[in-house]
Amino acid sequence: MHSFFPHSVPRRLRAVFFLYLTVLTLFLCSCGRERLDVSGTGGQTGEFYSSDQPAAQTAFSDFCTRVFREEMEGAPTLDLHFSLLHPERYGIQTEEVSLGTVSLTGMIAANEDRKALRAELLKFQPEELEKRQRILYDALLETLDASLLGEGLELYEQPLAPTIGVQAQLPILLAEYTFTSQKDVEDYLSLLSQLDGYYEQILVFERQKADAGLAPSDASIDAIIASCESYLIDPEENFLTETFETRLERLLGTGEDSEELKSALRGRHVAAIREHFLPAYENLITGMTALKGRGIRDGGLCQLADGRKYYEYLLRSGPGLSYSVPALKKALAAQMEEDLTAISRLFSENPSLDATDSDFSLSDPQKILDDLKVQMAGEFPTGPDCNYEIRYVPKYLEGSLSPAFYLTAPMDDLNQNVIYINGGYSDGLYTTLAHEGFPGHLYQTVYARSHAAHPLESVLSCSGANEGWATYVENCACLFDNGLPDGVGEYRARARSFSLCVHGLLDIGIHYDGWTMEQAKEFITTYFQADDTVVQELWQTMIDNPTNYLEYCGGYVEIMEMRRMAELQLGERFSPLEFHRFLLDIGPLPFPVIRNYFSEWLEASKA
């Protein structure tokens, strides 16, 4: 159910410093008064590049372009590679190949850079800018303000986590590293050879956390170690060698002339896995094992000195919600009440409704995606045509990765989209592909990138707006003509919504309100039949991934609240198509920004 975006975070524009599961996308551009060439990317230049712009608007355009170059010049190689297929066409020449650095001093310095950038941004007057520029101004300011809430809390960051941590995600990125030239092959081999050094930096950071009393609990460490053990692969036969061979053949062909070169590259690849990849995971296991017993918390973040402050920062900088924590609790509870009322109505209208013994008419992934594109027509704007591939998670990684995830295409080739399916999860493939594909992540991402007036808009997207959208449309897909009997689709959408909100309140209860496991159990069993094993699993999931569920249910209730408001105020004039167009056109920005412009859209729609 996760969306997987292969990028670490720009040092100034975000406050998470590792290869997290994030919706951030990175771009490159030219500097000075040169205009960014986005031809071939699907992007639109819009008001940013008008030849007769007032001086203030021209200055802001130049500022945005300069911010791009400064961010990208120091970007790690993975960021750059997954952002642009041909960076040289944007005037970007890269020399050093690097996975990046992880250091406490670097994190602290990044906050100073953010403060300087914020001060420079505030010199512009928003009222002098075009509307798209004002939106970008607001989004950049909100992103910087949210990031700066983490100042002084750097040691609370969690680079390692059982399913969404660096150690679980990075190998998939390496397996997806596209080869368009022999330099790409050399860069890939270099990155693979740096993995042990990169993980050692993370271990240094984890030891600093432990010295400050912020080490993970033993249960969390055990789960991280289990994730690492799944990557103790055979150096010669594994998913990396399989994908390496496929990528080599696509690049070099299968002729005799290329066989000698391919043979040499295969040998170097196996050596890199044996000498760097495997030691990286072995050392990570050893290093994390040594930290067992040093974690002082077996509960939520609020047990820590600045735990609640850190939780509030996570909500603002990750999901990017407009709610305070108390307001979020009320919004989740209100959605649950609405869902229960709707479920009660469904069974009242049809007492014999069997919501469990029925399934979707399609089960083949490709046929499902084709059907979803047909079903969504009329309620969602037409998006640009794009290609995509469906791939499956390697069997021995099924237990350590999400049920599905989407890999974004580079900015200059919107056809390189990949949806991964985890065969270890058999339930709900139709709605899962709606979440990851159409009208979910893939559709939203390609639409946003092809309509962006300036690439910086996409850099400032937030996880709550992405996951909230995908959760929302997943429920919309339950109401499509998909083979479910009357009423069953709405029941499943409502039940899923209700369940997600329970998870969100559980996350808040544990991390912000300080619930014990007994209190968590009492809350869970109020709504679901759950034995001690299930309670323990839910507890540990929340401990390992604070605010992760709130990306989904928090973003979802933001969208649902706006939709209810629009339906109420517009009445029969409400159009799902236009509501969706508004959300897609503004892009997946932080919700405080979306909410402000939603008010403008609603007033204009009334008129």
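The values are calculated or read from the model by the stated rules, or taken from the named source; none is laboratory data. Not measured: the values here are computed from a predicted model. Heads up, the Cβs are rebuilt from the backbone with ideal geometry, glycines too, and the neighbour counts pull from every protein chain shown. All accessible areas refer to the heavy atoms of the entire protein, side chains included, with ligands and DNA or RNA removed. Shrake-Rupley method; radii C 1.70, N 1.55, O 1.52, S 1.80 Å.
One table, with the values for the structure above:
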{"quantity": "Criterion violated by A110 - all others in (1) modelled with pLDDT under 95; (2) surrounded by fewer than 19 Cβ atoms within 10 Å (Cβ to Cβ) satisfied", "calculated": "(2)"}
{"quantity": "Lone qualifier among R595, R564 - being charged (D, E, K, R) and open to solvent by 50 Å² or more (accessible area, probe 1.4 Å)", "calculated": "R564"}
{"quantity": "Matching option when the condition is at pLDDT 90 or above, among the charged types (D, E, K, R) and within 22 Å of Y447 (Cα to Cα), among D364, D370, D413", "calculated": "D370"}
{"quantity": "Helices (runs of 4 or more DSSP H) (entirely within segment 430-502) containing at least 1 residues that are at pLDDT below 95 and under 29 Å from A530 (Cβ atoms)", "calculated": "463-478"}
{"quantity": "Positions within segment 376-395 being assigned to a loop (DSSP other than H, G, I, E, B), closer than 30 Å to E242 by Cα and open to solvent by 90 Å² or more (accessible area, probe 1.4 Å), in sequence order", "calculated": "D385, N387"}
{"quantity": "Of all residues in segment 213-259 being among the polar types (S, T, N, Q) and outside any loop (DSSP other than H, G, I, E, B), the one that is nearest to P162 (Cα to Cα)", "calculated": "S227"}
{"quantity": "Pair list, Cβ under 7 Å, 6 or more apart: segment 547-572 residue touching a residue at least 24 places away in the same chain (Cβ under 8 Å), other residue assigned to a helix (DSSP H, G or I) and of a type in the set (D, E, K, R)", "calculated": "T547/D507; Y549/D507; L550/D507; E551/E467; Y552/E467; G555/E467; Q569/K606; L570/K606"}
{"quantity": "Residue that is surrounded by the most Cβ atoms within 10 Å (Cβ to Cβ) [pool: residues in segment 337-354 that are in contact (Cβ under 8 Å) with a residue 60 or more places away in the chain and under 17 Å from S499 (Cα atoms)]", "calculated": "D339"}
{"quantity": "Of residues in segment 144-174 being open to solvent by 10 Å² or more (accessible area, probe 1.4 Å) and of a type in the set (V, I, T), the one farthest from Y310 (Cα to Cα)", "calculated": "T163"}
{"quantity": "The one condition in (1) buried (at least 16 other Cβ atoms within 10 Å of the Cβ); (2) farther than 24 Å from P76 by Cβ; (3) not acidic (D, E) that L265 fails to fulfil", "calculated": "(2)"}
{"quantity": "All positions within segment 498-509 that are within 20 Å of the chain's Cα centre (by Cα) and under 18 Å from G428 (Cα atoms)", "calculated": "L500"}
{"quantity": "Residue list for segment 232-255, filter: among the aromatic types (F, W, Y) and modelled with pLDDT of 95 or more", "calculated": "F244"}
{"quantity": "Residue, farthest from the chain's Cα centre (by Cα), within segment 549-580, restricted to residues that are among the small types (G, A, S) and closer than 27 Å to V325 by Cβ", "calculated": "A566"}
{"quantity": "Residue list for segment 289-319, restricted to those being among the hydrophobic types (A, V, I, L, M, F, W, C), assigned to a helix (DSSP H, G or I) and in contact with a Pro (Cβ under 8 Å, 6 or more places away or on another chain)", "calculated": "L301, L314"}
{"quantity": "Extreme residue, surrounded by the fewest Cβ atoms within 10 Å (Cβ to Cβ), among residues of segment 71-98 that are of a type in the set (S, T, Y) and under 16 Å from T180 (Cα atoms)", "calculated": "T94"}
{"quantity": "Hey, K373 touching a helix residue (DSSP H, G or I) at 6+ places or on another chain (Cβ under 8 Å) and open to solvent by 50 Å² or more (accessible area, probe 1.4 Å) or not", "calculated": "no"}
{"quantity": "Scan of segment 493-550 for residues that are touching an Asp or Glu at 6+ places or on another chain (Cβ under 7 Å) and of a type in the set (A, V, I, L, M, F, W, C), ordered by number", "calculated": "F498, M542, L550"}
{"quantity": "From D234, D196, residue being in contact with a Pro (Cβ under 6 Å, 6 or more places away or on another chain), surrounded by fewer than 23 Cβ atoms within 10 Å (Cβ to Cβ) and closer than 15 Å to A272 by Cα", "calculated": "D196"}
{"quantity": "1 or more residues in contact with a strand residue (DSSP E or B) (Cβ under 9 Å, 6 or more places away or on another chain) and under 19 Å from P455 (Cα atoms): qualifying helices (runs of 4 or more DSSP H) within segment 48-127", "calculated": "77-83"}
{"quantity": "Condition broken by D544, with the remaining ones in (1) at pLDDT below 95; (2) open to solvent by 30 Å² or more (accessible area, probe 1.4 Å); (3) of a type outside the set (A, V, I, L, M, F, W, C) satisfied", "calculated": "(2)"}
{"quantity": "Residue that is modelled with the highest pLDDT [pool: residues in segment 116-133 that are surrounded by 14 or more Cβ atoms within 10 Å (Cβ to Cβ) and basic (K, R)]", "calculated": "R118"}
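Every residue, every condition in (1) in a helix (DSSP H, G or I); (2) under 29 Å from A219 (Cα atoms), yes or no:
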position	(1), (2)
L261	yes, no
G287	yes, yes
A327	yes, no
L362	no, no
